[in-house]
Amino acid sequence: EDWSTGRAAVRSPDQMELTEDELKKEVTRTLTANNPHIPQNIVRFSFKERAYKLVDNMDQTAIHFTLNGYLIHKDSDEGRRQSIRSSTEAGSFIEKAPVEASAEATEEAETKDEEPTEDAEGEGEGEGEGEGEKEAEAAEAAEAEEPPPPKVTERKLANQFNFIERGSTTYHNPPREKGLQTDPAPFETFSDNANQWFIYDAYIEELERMEKAKEKEKAKPAAVKKEDKKTGRKLSYVEPPVDSLRKVARAAKIAERMVNLNTYEDIAQDFKYFEDASDEFRGQKGTLLPLWKFQYEKNKKLAVTALSWNPKYKDLFAVGYGSYDFMKQGHGMLLLYTLKNPSFPEYSFSSESGVMCLDFHSDHPYLLAVGFYDGNVAIYNLKKASSQPSYKSSAKSGKHTEPVWQVKWQKDDMDNNSNFFSVSSDGRIVLWTLVKNELVHMDVIKLSADETTMQGPEGLQLQMLGSGTSFDFHKKIDYLFLVGTEEGKIYKCSKSYSSQFLDVFEAHHMAVDTISWNPFHLKVFISCSSDWTVKIWDHTIKTPLFVYDLSTAVGDVAWSPYSSTVFAAVTIDGQAHVFDLNINKLEPLCTQLVVTRKKNKTTHVQFNPVYPIIIVGDERGLTICLKLSPNLRKMPKEKKGQEVKKGPEVEIAKLEKLLSLVREPGSKE
């Protein structure tokens, strides 16, 4: 009876009661595809704008149900295999169907024949004749009619979703145990002492053994024939093939030098014996005799950016090639020439960046330090047959960020590690030390441009760094060195003070291209600049002692190794100037045009440490060797009854005498 009783609506006690108008009011609800659970405040870091940005496009998809299907595309490989399999099975089914149909037809015919005979027996004799006629007519009609075509039933594909799990077990081989017994290994107890002497002797024996093995290999002939006494066969030993060029390399080099000596015999004779006799009629003036010209086909478009003589082999010098035009920077080259073979360099190295400076090690003449335009420094080892530097700086090892303008080797430190200094436009003077086959850097000093500040953010005044262009270390005082800058100032610095300078010289109005201490006098140094001047200084006096205006920008200046008063300078108009303060304090003794081509500039000059020659490089990659005439290398004259004094003391006294005439009274000495 419960179903017949009325059911009352149950209301919640807090249900809102609405009026009829409120119930009839239509409330419009808009459904959107946005997921309400998606967070709206996701931010991600934008590397392009370098700030955190709000993510606008969030994925609004909410997955409620997923099901992996088993359908196969009909054009796939598996679909083609199934369609071929089903077609072959359908063909076999069609072949069986006609045979079964014919069998069924014969059975139906037999049943039809049996049924009328049974009816005829049950009925009277009067009807037998009539039935016999009908029977005959039915038989004729059955013969006249053709059997109906057999029906071909289509083979349904198996449902791939109905599957049966089957399992099988494999036979487990029974485990077997196999054991063996061996004799214990023989052992022996021994003892010995190990100390430095035994280790040293062991290494010496190993080295002697290796040397004997090398000698035996060298002693083996190219082909040795032996005859075996037992078999009578001839045995031959063939030496492994060696590059034929290596065997004749030394002989070919000597032959090449002999051919060049014959080719340039006149120049070689002039270099060794010729003395310009016309100097006697020129008074104090002198000349420069052109000798060899060194040029390589691959660097005609590069400028000579550095020159340096080898301290041990006096006829060997290195030439660095690059470009001073920052718009035309490319590859660089490092070549080493000898006076014995001016036609081709002895060593050749290529670099990705232009070579800006180089310097030979005084104690290890096979080590060559090189500075590049891209801020890297490298060390080339001439003993190694490699085209790449043995050591090179990188961005990780503290390379410069601007071109390296000069490098200088220093004495080995307390741990006998080789080290050199470099100066660059980035204002850093860096000490590079070779520690365990690795270049380790340390910033010695950072140049700061006085009274040069830059306006920074929020009104901050940022200190500008100075740009170093050249430097030189004192010949006797190891910690003292001078630095020239692009602003024209010269700073006297110490290795011990990295934050302040010992003194500042307002030297030039443009960049200081070269600065060099006098090889004899400990207080005197020389500087040249693009402001057309060459100045000689005493580092204890802030004003220059001698000033020479050469009427055009000066590229390089160098002291002579044989006299404290002789120096040479080259200018960008292609001329070389040679001065001797002891003879003429006002004008050069020789001003000679070195390059013949127009718009060509001379860039560097260097004196040979032994021979009376200089080498001059230009912007077209040509290096020319010039011999000084007798007037440019005059030595003190002999006085009657007195021996001529020679040596550094004489040179120091000669220059000191000149400086005493120029120094102001009361200045430091």
Check: If you scan the range 524-538, which residues turn out to be touching a strand residue (DSSP E or B) at 6+ places or on another chain (Cβ under 6 Å), open to solvent by less than 60 Å² (accessible area, probe 1.4 Å) and over 13 Å from VAL662 (Cβ atoms)?
Finding: PHE525, ILE526, SER527, CYS528, SER529, THR533, VAL534
Check: Any residue at all in the range 272-295 that is touching a Phe, Trp or Tyr at 6+ places or on another chain (Cβ under 7 Å), part of a loop (DSSP other than H, G, I, E, B) and either open to solvent by 90 Å² or more (accessible area, probe 1.4 Å) or closer than 22 Å to TYR347 by Cβ (or both)?
Finding: no
Notebook entry, point to check: Any idea which of (1) under 22 Å from ASN631 (Cα atoms); (2) of a type in the set (A, V, I, L, M, F, W, C); (3) out of contact with any Pro (no Cβ under 6 Å at 6 or more places or on another chain); (4) free of Cβ contacts under 8 Å to residues at least 60 places away in the same chain is the one PHE546 doesn't satisfy?
Noted result: (4)
Check: Name the pairs whose Cβ atoms lie under 8 Å apart, with the first residue in the range 365-389 and on the phi > 0 side of the Ramachandran plot, the second at pLDDT below 90 and open to solvent by 30 Å² or more (accessible area, probe 1.4 Å), and 6 or more positions between them or separate chains?
Finding: GLY375/LYS399; GLY375/THR401; GLY375/GLU402
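Is it the case that SER560 is more than 19 Å from SER494 (Cα to Cα), open to solvent by less than 20 Å² (accessible area, probe 1.4 Å) and either in contact (Cβ under 8 Å) with a residue 24 or more places away in the chain or of a type outside the set (Ser, Thr, Tyr) (or both)? Give the derivation first.
Numbers: more than 19 Å from SER494 (Cα to Cα): yes; open to solvent by less than 20 Å² (accessible area, probe 1.4 Å): yes; either in contact (Cβ under 8 Å) with a residue 24 or more places away in the chain or of a type outside the set (Ser, Thr, Tyr) (or both): yes.
Against the criterion (more than 19 Å from SER494 (Cα to Cα), open to solvent by less than 20 Å² (accessible area, probe 1.4 Å) and either in contact (Cβ under 8 Å) with a residue 24 or more places away in the chain or of a type outside the set (Ser, Thr, Tyr) (or both)), SER560 qualifies.
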Margin query: Looking at MET327, MET333, MET356 in this structure, which one is under 21 Å from ARG620 (Cα atoms), under 40 Å from the mean Cα position of the chain (by Cα) and without any contact (Cβ under 8 Å) to a residue 12 or more places away in the chain?
Written below: MET327
Notebook entry, point to check: Across the range 45-81, what is the total count of residues that are open to solvent by less than 100 Å² (accessible area, probe 1.4 Å) and either among the small types (Gly, Ala, Ser) or on the phi > 0 side of the Ramachandran plot (or both)?
Noted result: 6
Next item on the list: Would you check which residues across the range 397-425 are over 18 Å from ILE515 (Cβ atoms) and either touching a Phe, Trp or Tyr at 6+ places or on another chain (Cβ under 8 Å) or open to solvent by less than 20 Å² (accessible area, probe 1.4 Å) (or both) and list them?
Entry: GLY398, HIS400, SER418, ASN419
Item checked: Candidates TYR366, TYR373, TYR347 - the one that is more than 15 Å from GLY320 (Cα to Cα) and out of contact with any helix residue (DSSP H, G or I) (no Cβ under 8 Å at 6 or more places or on another chain) -> TYR366
Next item on the list: State all residues of the range 373-385 that are closer than 20 Å to ASN310 by Cα, open to solvent by less than 60 Å² (accessible area, probe 1.4 Å) and either of a type in the set (A, V, I, L, M, F, W, C) or in a loop (DSSP other than H, G, I, E, B) (or both); if no residue qualifies, say none.
Entry: VAL377, ALA378, ILE379, LEU382
Next item on the list: Determine whether the range 339-352 contains at least one residue that is open to solvent by 60 Å² or more (accessible area, probe 1.4 Å), closer than 26 Å to LYS272 by Cα and assigned to a strand (DSSP E or B).
Entry: yes
Item checked: Odd one out for CYS493, checked against (1) at pLDDT below 80; (2) open to solvent by less than 60 Å² (accessible area, probe 1.4 Å) -> (1)
Check: Any residue in the range 500-512 that is open to solvent by less than 50 Å² (accessible area, probe 1.4 Å), touching a Gly at 6+ places or on another chain (Cβ under 6 Å) and not in a loop (DSSP other than H, G, I, E, B)?
Finding: yes
Check: Residues in the range 305-338 that are part of a loop (DSSP other than H, G, I, E, B) and either open to solvent by 30 Å² or more (accessible area, probe 1.4 Å) or within 21 Å of ASN381 (Cα to Cα) (or both): how many?
Finding: 14
Next item on the list: Exactly one condition in (1) under 29 Å from ILE379 (Cα atoms); (2) open to solvent by 30 Å² or more (accessible area, probe 1.4 Å); (3) at pLDDT 80 or above is not met by LEU261; state its number.
Entry: (1)
Check: In the range 526-577, what count of residues is obtained for those that are over 43 Å from the mean Cα position of the chain (by Cα) and β-branched (Val, Ile, Thr)?
Finding: 6
Check: Would you pick out the residues in the range 427-460 that are at pLDDT below 80 and not in a strand (DSSP E or B)?
Finding: LYS436, ASN437, LEU447, GLY456, PRO457, GLU458, GLY459, LEU460
Next item on the list: Could you grab me the full set of residues in the range 286-307 that are under 26 Å from ASN584 (Cα atoms) and in contact with an Asp or Glu (Cβ under 8 Å, 6 or more places away or on another chain)?
Entry: GLY286, THR287, LEU289
Item checked: Tally of residues being free of Cβ contacts under 8 Å to residues at least 40 places away in the same chain and of a type in the set (D, E, K, R) across the range 336-353 -> 2
Check: Across the range 583-616, what is the total count of residues that are open to solvent by 30 Å² or more (accessible area, probe 1.4 Å), in a loop (DSSP other than H, G, I, E, B) and closer than 27 Å to LYS314 by Cα?
Finding: 5
Next item on the list: Assess whether ALA569 counts as being farther than 23 Å from TYR273 by Cα and either at pLDDT 85 or above or touching a Pro at 6+ places or on another chain (Cβ under 9 Å) (or both).
Entry: yes
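The values are calculated or read from the model by the stated rules, or taken from the named source; none is laboratory data. These numbers were taken from a predicted model, which means no experiment stands behind them. Neighbour counts run over all protein chains shown; Cβ positions are idealised from the backbone, glycine included. Keep in mind that these areas ignore ligands, DNA and RNA; they rest on the heavy atoms of the full protein, side chains included. Shrake-Rupley method; radii C 1.70, N 1.55, O 1.52, S 1.80 Å.
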